[in-house]
Structure formats: structure tokens, C-alpha cells
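Note sheet for the following structure.
The values are calculated or read from the model by the stated rules, or taken from the named source; none is laboratory data. The model shown is predicted, which means the values in this text are computed figures rather than measured ones. Because the Cβ atoms are built from the backbone with ideal geometry, glycine has one as well, and the counts that use them run over all protein chains shown. The protein model used for the area step is the full one, side chains on, heavy atoms only, and it has no ligands, DNA or RNA in it. Shrake-Rupley method; radii C 1.70, N 1.55, O 1.52, S 1.80 Å.
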Amino acid sequence: ASFLLLCFRTSLATPLILGLLLQPPLTQLSIITQPNIVLLMADDLGIGDVGCYGNDTIRTPNIDRLAKEGVKLTQHIAAAPLCTPSRAAFLTGRYPLRSGMDAINNYRVIFWNGGSGGLPPNETTFAKILQQQGYSTGLIGKWHQGVNCESRNDHCHHPLNHGFDYFYGMPFTLISDCQPTETPEMDRVFRRKLWVYTQMIGLITLTAALGRLTGLISVRWKMLTCLAGFSLLFFVSWFSSYGFVRYWNCIMMRNHEVTEQPMVTDRTTSLILKESISFIERNKHKPFLLFLSFLHSHTPLLTTEKFLGRSSHGLYGDNVEEMDWMVGQVLDAIDKEGLKNTTLVYFASDHGGWLERQDGNRQLGGWNGIYRGGKAMGGWEGGIRVPGIFRWPGVLPAGTVIDEPTSLMDIYPTVAHLAGGVLPQDRVVDGRDLMPLLRGTVEHSEHEFLFHYCGVHLHAVRWHQKDSGAIWKAHYVTPVFRPLGAGACYDRGFCPCFGEGVTHHDPPLLFDLSRDPSEAKPLSADTEPLFDTVIRKIGRAVEEHRRTLTPVPEQLSLYNAVWKPWLQPCCGTFPFCWCDKEGDN
């Protein structure tokens, strides 16, 4: 009997001992706690601009170190090919047209700090979920999701109304107008037309006045006065906004306070880095979310003297190398505070590089590697395939490369899950939790289909056929490249989403990205036996996807896009908006 009792006790103890021995180390257990989360997002950076993605001439040792110590995604997809809609999708985990943040017109991004469009207050960002879970949440850098709705100080679209405890940076985006020595970038073609119309109206008024004085034309002075008044009103109506872009859009804010108007670009980089490191130091004793939204590498490519001339790719390369240095400084700050093993770091770009951005022979936009197309192109890979890197020592396997389709929208459920939060149940969330894929506990991405929009127009759809490994991509609409044979819309500066500048395909252009990632050889029913089957399958997916869409207010409508003086953030008494509070300090 004693022998049987001993066997029984041994049989109970053995699994217990094995369970304790096989238990993962402490760092593995941190998966169930609340890690710090640092999200690093570049602006307009091409996937081909980074060393670990194949670039051997621009030096990015710190971003490459993240990939070496973590997980690199090779098929990481932005939900839109431009800043405002892509970042709206990133923040909410939803295709931007679900929140009204994709355009039906050519105003495809937020155009003014004094506009009324922006990320709707009823959208729940990942910052809001983490804030509710006790995280300190900070956004440093670019916002570009709007500021006000109805009055100058309602801040309905402001970061602090979307879950961030602290904000320092640009409520808008960096543009060449922010640099007095640069050629204006914002609405350049439209601005030229307004100048021409103003000169024409002025010339007509002057001609009529001279005719009246010389007696050649019989015109009443009352009519001439009205004509002159109309000329003046027309000029003031547009010059009051476009003539002062630097003052209205190129501003810096700390929380709700405007600190620089216009911004002093010489010190912007150092201030953003200083604020980022300070946020980490202030919040090291509790879980924090830091979203560092770089102004690099958007034109006018603000680069400090220390990095000028260092790269072999001119000013653009210098700017990327400086951003990489900033990434290194942030990583060093995390290490210094002993937070490396309890911090998930993520690096990405908001969309592909801007191919058309040139100044004479100087290329001022990014490079998208082997992928066709670039910024503003909703379907081609070059506009939407971006770097995607995760690092969390002890939790994510170092040196891992994942070729599965993933999306910037996946960050939303991933960080919400890690924080112990719950996703909103009253709306569709398009992102998927990436942790099982990143940790290697599942083999495939949860995404079967990804829908590629240009504005509100569906340009392409990707189908991941998991059983075969094929990644089919059907293009319904593609931009017309100019000049013919070029790889971008050099005649326009941006490729359009609709109208004369696009081609509609019926049947769609079909590619298998697993065999042809550059989208160089479209398949047909003659060359691909599965052509009709694939097109039908994707067509049914589009129908199902469209049934999930509901009408919402258009945040980028013409009315919301135009500048409204009563909504303009101002650090003085409008219209005398000027201050430099950083300089005063």
C-alpha cells in the first residue's frame, strides 16, 4: 500500500516539477503585464530608404539594429497612400473612409490648421484605450488630424481630445512654405491660378479706369468703384490665407498652447528629440505610450548642420540619416532608464516615398525599392508598402523576418490587447492583433483580404491565399503616368484618384505578388489558369466589404477643407498671431 501511495504522489509531483522547469523566463511573463510602448513613425519614408530593407548607401544603423534585435515585416501595408488618411487608420485601426477621413475630391489631406475637418471626436484611438488603462500617453511631432470644429478653442480634433495626455509638435504637417527660403509647396498650381485671375481682374479695372479718364470708354464711376472693390475683395479673400501660410500652418504647440508662430525651423529637430526623451524620463515609473511622429523625411527636409553633406544621396539622404540618429537617441534613453526589456518599440512610415518631389535634378522624395509607384498612389505597392519593425527583447524572437500581409491598422488592436484594454464593440475594427504572429505562435496573418483605397475610390484588393502561399492583387483603377513610360505622375506632382488621370480596368489587372512583387507582369486568363476564379473570389470579398460600410460625415469635404479665420489657432489677438515662447525660455 505504501508503495502504491508513493507512486501516486510521484505521479502528481512529476507534472508539477516539469511545469515549473518548462515555465518561460520572467521576460516572457511580461507579455501579460503592461509594457511601455514606443511608436516611431517616419513621414514619407520609402521602404527602399532603409538599410535593413536593402539600401546599402543611406546609413540607418539604429533602425537596422531594431530589426536585428526584433521582428521585421516585409509586407507591412499602409491603409492609405497619404498622411492624413493613413494616420487616421493607424490611430483608429479602421479604414479611413469609415471615419470620413478619406476624400471624395482632390483635397485628400487636412489643408489648414484653420479648417474644420479632422479626426471625429467619436472615434476611439488606441491612445484613448491605453489612457483608460492607466497609461501616460504622449504624442511628440506631427499630428495632421485637424484642430478645431466650430470655434478657435474647442480643440475637438486635437490630440488631447483623442487620448493623449501630452502633446508637443506640429498640429499640421511640415511643408516647404515653413522654410522662407524654399519655393512654396502648398496648393502651388491653384495659387498660380489665383494670381493670374487677380492680375486679369486688376488689368480690366485699370483699363476701364484709363478708358474713362481718356474718354475712350463710357463707364460710370460708380461701376468703376464696384469693379475696383471687387478686385480688392477677390485679392484679400485668397491672399489672407495663402499669403500667410507660414503663420497659419507652420506652428508649434504644447498641449493647447501655441508656442511658436511661425515655427523656428532651426531648432525644431532638437526640441522634438528633447521632448521625447523628457517624456520617457518623466514617466519611467509607470506604463507609458510615446508616439514619436517624426517630421523627417518630409520636405523641406529640415536637417541640422551636423548632418548636412554626410550622405551620398544629397539632402534627402542627410535627412534620413539624421532621423536614424534620433531613433538611436530614443533607444539609448530607453536603455539608460533600464526599460529595454519592458518596452515594445515599433518603427514604420506612414506611406511610400514621394517620387515626384524634385527640384531640378535634385530628388527630394524617397525611394521605394523594387516596388512600383509611390506616395498618393492607392494601389501600387510603392505607395503603401512600408517598413515595419517590432522589438521587445525576451518576448519577440530576435532576427525574425515575417513575409505575411500586415497593416498599420494592426497596431491598434495589438497595443490595446497588451495594455489589457477592450476594443470598441459598436464599430468595425479592421486591424488584427499581431502578437501571435510576431511571437511565432501562428504561421499566418489573420488578414485574408486587404482593400487599397485612393481617397474613397477602391483601386486594388489583395487576397492572401494561405493554402497555396499566393498573394493575388487585383487592380481596378491605376493612375496614368506622365510622361509616358515614367513611373509616376511627374506632370502633376501627385497622381489623382479619379477623372482623366486614371485608367479603369475590366477585367482587373491581376498580379501574384509572391512571384512578381514589382507588379511588372500582369496575368491574364491565357497565362494564369486560376485567373477567373481569383477575380470572382476577390469580387465577392469586395461586395462583403462594402456591406460593412456606413455613411459618415466627410471630414475632407470642400467646406471642411477651406481656411476659416475663426478657427485659426493664434497665440496673439487674431490676426496678429506671432510668438516665440521657446525663444523667451
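Overview of values
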| read-out | value |
| --- | --- |
| Burial order of peptide ranges 35-48, 274-287 (average beta-carbon count within 10 Å, highest first) | 35-48, 274-287 |
| Hz values of 3J(HN,Hα) by residue in the range 57-68 - Karplus curve (6.51, -1.76, 1.60), Gly and Pro given as x | 10, 8, 8, 10, x, 6, 5, 4, 5, 4, 5, 5 |
| DSSP-defined antiparallel bridges as percent of all bridges, the chain, nearest 5 | 55 percent |
| On Cα atoms only, tilt of 2-22 relative to the major axis of the chain in degrees | 20 degrees |
| Potential extension, THR503-LYS68 segment - 0.36 nm per residue separation minus Cα distance | 152.5 nm |
| Heavy atoms of CYS497 accessible to a 1.4 Å probe, total area in Å² rounded to 10 | 10 Å² |
| Environment charge at PRO159 (Cβ cut-off 12 Å; Lys +1, Arg +1, Asp -1, Glu -1) | +3 |
| Per residue Cα convex hull volume in Å³ - calculated over the chain | 206 Å³ |
| Around GLN555: net Lys/Arg minus Asp/Glu count, Cβ-Cβ under 11 Å | -3 |
| Three-way shape call for the range 314-363 based on the alpha-carbon gyration tensor, with the a/c threshold at 1.5 | oblate |
| Segments 289-295, 354-360, 463-469 sorted - mean Cβ within 10 Å per residue, highest first | 289-295, 354-360, 463-469 |
| Partners for LYS284 among aspartates and glutamates (Cα-Cα distance below 20 Å; same-chain residues under 8 apart left out) | ASP165, GLU275, ASP332, ASP335, GLU337 |
| Net +/- balance of residues flanking PRO300 in space, Cβ distance below 11 Å, scoring K and R +1, D and E -1 | -3 |
| Selection from VAL236, GLY440, CYS226 lying farthest towards where the dipole of the chain points positive, charges on Cβ | CYS226 |
| Probe 1.4 Å, accessible area per residue of the range 380-514, Å² | 37 Å² |
| Under 21 Å from LYS222, Cα to Cα: lysines that are on another chain or at least 8 residues apart | none |
| Crossing angle, helix 268-282 versus the chain [Cα axis fit, 0-90 degrees, rounded to tens] | 40 degrees |
| Cross-link partners of LYS193 among lysines (Cα-Cα below 27 Å; sequence separation of 8 or more within a chain) | LYS375, LYS564 |
| For the chain, with +1 on Lys and Arg beta carbons and -1 on Asp and Glu, the positive-most of TRP472, LEU203, VAL542 along the dipole | LEU203 |
| Within the accessible area of the range 449-508 (1.4 Å probe), percent carbon and sulfur | 54 percent |
| Peptides ranked, highest mean first, by Cβ atoms within 10 Å: ranges 129-139, 567-577 | 129-139, 567-577 |
| Average accessible surface area per residue within the range 38-150, 1.4 Å rolling probe, Å² | 22 Å² |
| Sparsely packed trypsin sites (Lys or Arg not before Pro) within the range 510-569, loop by DSSP, other Cβ within 10 Å at most 13 | ARG515 |
| For the range 247-358: rounded, prolate or oblate by the Cα gyration tensor [a/c cutoff 1.5] | oblate |
| Acute angle (nearest 10 degrees) that the helix 83-92 long axis makes with the longest principal axis of the chain, alpha-carbon atoms | 40 degrees |
| Label point at ALA398 placed 7 Å out along Cα→Cβ; residues across the range 43-87 whose backbone nitrogen lies under 17 Å | 61-72 |
| Per residue solvent-accessible surface (Å²) - the range 517-585, probe of 1.4 Å | 64 Å² |
